[in-house]
1. Looking only at residues in region 1-31 that are out of contact with any helix residue (DSSP H, G or I) (no Cβ under 9 Å at 6 or more places or on another chain), part of a loop (DSSP other than H, G, I, E, B) and surrounded by fewer than 11 Cβ atoms within 10 Å (Cβ to Cβ), which one is modelled with the highest pLDDT?
2. Testing Gly101 on (1) buried (at least 17 other Cβ atoms within 10 Å of the Cβ); (2) of a type outside the set (Val, Ile, Thr); (3) under 10 Å from the mean Cα position of the chain (by Cα), one condition comes back false. Which one is that?
3. Mind listing whichever residues of region 32-41 are assigned to a strand (DSSP E or B), under 15 Å from Gly106 (Cα atoms) and either more than 11 Å from the chain's Cα centre (by Cα) or not aromatic (Phe, Trp, Tyr) (or both)?
4. Which condition does Leu44 not pass, out of (1) in contact (Cβ under 8 Å) with a residue 60 or more places away in the chain; (2) within 19 Å of Gly119 (Cα to Cα); (3) buried (at least 21 other Cβ atoms within 10 Å of the Cβ); (4) of a type outside the set (Asp, Glu), if it passes all the others?
5. Working carefully through the options Phe102, Phe97, find the one that is touching a Lys or Arg at 6+ places or on another chain (Cβ under 9 Å), of a type in the set (Phe, Trp, Tyr) and outside any loop (DSSP other than H, G, I, E, B).
6. Out of (1) surrounded by fewer than 13 Cβ atoms within 10 Å (Cβ to Cβ); (2) of a type in the set (D, E, K, R); (3) modelled with pLDDT of 95 or more, the odd one out for Glu49 is which?
7. May I ask you to list pairs of residues, at least six apart or on different chains, whose Cβ atoms are under 6 Å apart, with the first in region 82-109 being more than 13 Å from Leu53 (Cα to Cα) and at pLDDT below 95 and the second being outside any strand (DSSP E or B) and of a type in the set (S, T, N, Q)?
8. I need the full set of residues from region 110-122 which are touching a residue at least 40 places away in the same chain (Cβ under 8 Å) and surrounded by fewer than 21 Cβ atoms within 10 Å (Cβ to Cβ), in order please.
Amino acid sequence: MGKTSQKTITRLKRQVRVRKKVKGTSARPRLNVFKSANHIYAQLIDDVEGVTLLATSTCTEGICPAGSHTGNKIAAAAVGAAIAKIALQKDIRSVVFDRNGFLYHGRIQALADAAREAGLEF
(Lines give C-alpha, C1' and ligand atoms only; values in the text may rest on other atoms or scores of the structure.)
Protein backbone atom coordinates (compact mmCIF):
# COMPACT_ATOMS: atom_id res chain seq x y z
CA MET A 1 0.00 0.00 0.00
CA GLY A 2 1.24 3.46 -0.86
CA LYS A 3 1.14 6.61 1.18
CA THR A 4 -2.23 8.30 1.47
CA SER A 5 -2.14 12.08 1.39
CA GLN A 6 -3.62 14.16 4.20
CA LYS A 7 -6.08 15.62 1.69
CA THR A 8 -7.42 12.15 0.85
CA ILE A 9 -7.66 11.18 4.53
CA THR A 10 -9.64 14.33 5.29
CA ARG A 11 -12.02 13.60 2.39
CA LEU A 12 -12.55 10.03 3.58
CA LYS A 13 -13.39 11.28 7.08
CA ARG A 14 -16.00 13.64 5.59
CA GLN A 15 -17.32 10.78 3.47
CA VAL A 16 -17.87 8.56 6.52
CA ARG A 17 -19.56 11.40 8.42
CA VAL A 18 -21.99 12.09 5.58
CA ARG A 19 -22.63 8.41 4.80
CA LYS A 20 -23.89 7.83 8.37
CA LYS A 21 -26.80 10.16 7.67
CA VAL A 22 -27.46 9.65 3.95
CA LYS A 23 -29.20 6.41 2.94
CA GLY A 24 -30.77 5.61 -0.41
CA THR A 25 -33.88 3.51 -0.93
CA SER A 26 -35.62 2.25 -4.05
CA ALA A 27 -38.14 5.10 -3.71
CA ARG A 28 -35.42 7.71 -3.16
CA PRO A 29 -31.97 6.46 -4.22
CA ARG A 30 -28.65 8.05 -3.31
CA LEU A 31 -26.96 10.10 -6.05
CA ASN A 32 -23.28 9.35 -5.42
CA VAL A 33 -20.63 11.49 -7.13
CA PHE A 34 -16.93 10.72 -7.50
CA LYS A 35 -14.36 12.86 -9.25
CA SER A 36 -10.83 12.16 -10.32
CA ALA A 37 -8.42 14.52 -12.03
CA ASN A 38 -9.65 13.55 -15.50
CA HIS A 39 -13.21 12.24 -15.06
CA ILE A 40 -16.39 12.53 -13.00
CA TYR A 41 -18.73 9.66 -12.19
CA ALA A 42 -22.35 9.58 -10.92
CA GLN A 43 -24.40 6.63 -9.69
CA LEU A 44 -27.88 6.12 -8.30
CA ILE A 45 -27.64 3.58 -5.49
CA ASP A 46 -30.29 1.68 -3.50
CA ASP A 47 -28.58 1.10 -0.13
CA VAL A 48 -31.34 -1.16 1.19
CA GLU A 49 -30.86 -3.71 -1.60
CA GLY A 50 -27.18 -2.87 -2.05
CA VAL A 51 -27.44 -2.34 -5.82
CA THR A 52 -26.51 0.37 -8.28
CA LEU A 53 -29.64 1.33 -10.20
CA LEU A 54 -27.86 3.29 -12.92
CA ALA A 55 -24.56 5.00 -13.52
CA THR A 56 -22.93 7.38 -15.96
CA SER A 57 -19.64 9.21 -16.28
CA THR A 58 -17.49 11.20 -18.63
CA CYS A 59 -16.17 7.83 -19.82
CA THR A 60 -19.65 6.83 -21.03
CA GLU A 61 -20.12 6.95 -24.80
CA GLY A 62 -21.98 10.06 -25.97
CA ILE A 63 -21.69 12.13 -22.79
CA CYS A 64 -18.70 14.25 -23.78
CA PRO A 65 -17.59 14.93 -27.35
CA ALA A 66 -14.53 12.98 -28.46
CA GLY A 67 -11.32 14.86 -27.87
CA SER A 68 -12.78 17.30 -25.34
CA HIS A 69 -11.40 17.64 -21.82
CA THR A 70 -13.44 15.62 -19.35
CA GLY A 71 -12.12 17.06 -16.07
CA ASN A 72 -13.97 20.38 -16.07
CA LYS A 73 -17.32 21.91 -15.06
CA ILE A 74 -18.77 21.59 -18.57
CA ALA A 75 -18.20 17.83 -18.56
CA ALA A 76 -19.60 17.58 -15.00
CA ALA A 77 -22.76 19.42 -16.07
CA ALA A 78 -23.14 17.02 -19.01
CA VAL A 79 -22.93 14.04 -16.62
CA GLY A 80 -25.49 15.65 -14.27
CA ALA A 81 -27.94 16.24 -17.11
CA ALA A 82 -27.39 12.71 -18.45
CA ILE A 83 -28.01 10.97 -15.13
CA ALA A 84 -31.15 13.04 -14.57
CA LYS A 85 -32.45 12.16 -18.03
CA ILE A 86 -31.86 8.43 -17.48
CA ALA A 87 -33.39 8.59 -13.99
CA LEU A 88 -36.53 10.32 -15.26
CA GLN A 89 -36.92 7.63 -17.93
CA LYS A 90 -36.92 5.06 -15.11
CA ASP A 91 -39.48 7.13 -13.11
CA ILE A 92 -36.98 8.26 -10.47
CA ARG A 93 -37.75 11.88 -9.65
CA SER A 94 -36.37 12.37 -6.13
CA VAL A 95 -32.88 11.46 -4.90
CA VAL A 96 -30.60 12.03 -1.92
CA PHE A 97 -27.38 13.80 -2.91
CA ASP A 98 -24.12 12.27 -1.68
CA ARG A 99 -21.10 14.43 -2.48
CA ASN A 100 -18.84 11.60 -1.29
CA GLY A 101 -16.75 13.81 0.99
CA PHE A 102 -15.90 16.32 -1.72
CA LEU A 103 -16.56 19.98 -1.01
CA TYR A 104 -19.69 21.36 -2.65
CA HIS A 105 -18.18 23.67 -5.25
CA GLY A 106 -16.70 23.49 -8.72
CA ARG A 107 -17.43 20.26 -10.60
CA ILE A 108 -19.59 18.76 -7.82
CA GLN A 109 -21.82 21.84 -7.76
CA ALA A 110 -22.00 21.96 -11.57
CA LEU A 111 -23.15 18.33 -11.69
CA ALA A 112 -25.77 18.91 -8.97
CA ASP A 113 -27.11 22.08 -10.60
CA ALA A 114 -27.39 20.39 -14.01
CA ALA A 115 -29.22 17.41 -12.48
CA ARG A 116 -31.68 19.76 -10.74
CA GLU A 117 -32.28 21.72 -13.94
CA ALA A 118 -32.93 18.47 -15.83
CA GLY A 119 -35.68 17.52 -13.36
CA LEU A 120 -34.22 15.64 -10.39
CA GLU A 121 -35.35 16.82 -6.95
CA PHE A 122 -32.94 16.98 -4.02
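1. Ser5
2. Condition not satisfied by Gly101: (3).
3. Passing the criteria: Val33, Lys35, Ile40.
4. For Leu44, the exception is condition (1).
5. Phe97
6. Unmet for Glu49, out of (1) surrounded by fewer than 13 Cβ atoms within 10 Å (Cβ to Cβ); (2) of a type in the set (D, E, K, R); (3) modelled with pLDDT of 95 or more: (3).
7. Here the result reads Asn100/Gln15; Gly101/Gln15, each pair linking region 82-109 to a residue that is outside any strand (DSSP E or B) and of a type in the set (S, T, N, Q).
8. Across region 110-122, the qualifying residue is only Phe122.
The values are calculated or read from the model by the stated rules, or taken from the named source; none is laboratory data. Small disclaimer: the values here were computed from a predicted structure and weren't measured. So basically every Cβ, Gly included, is an ideal-geometry build from the backbone, and we count neighbours across all protein chains shown.
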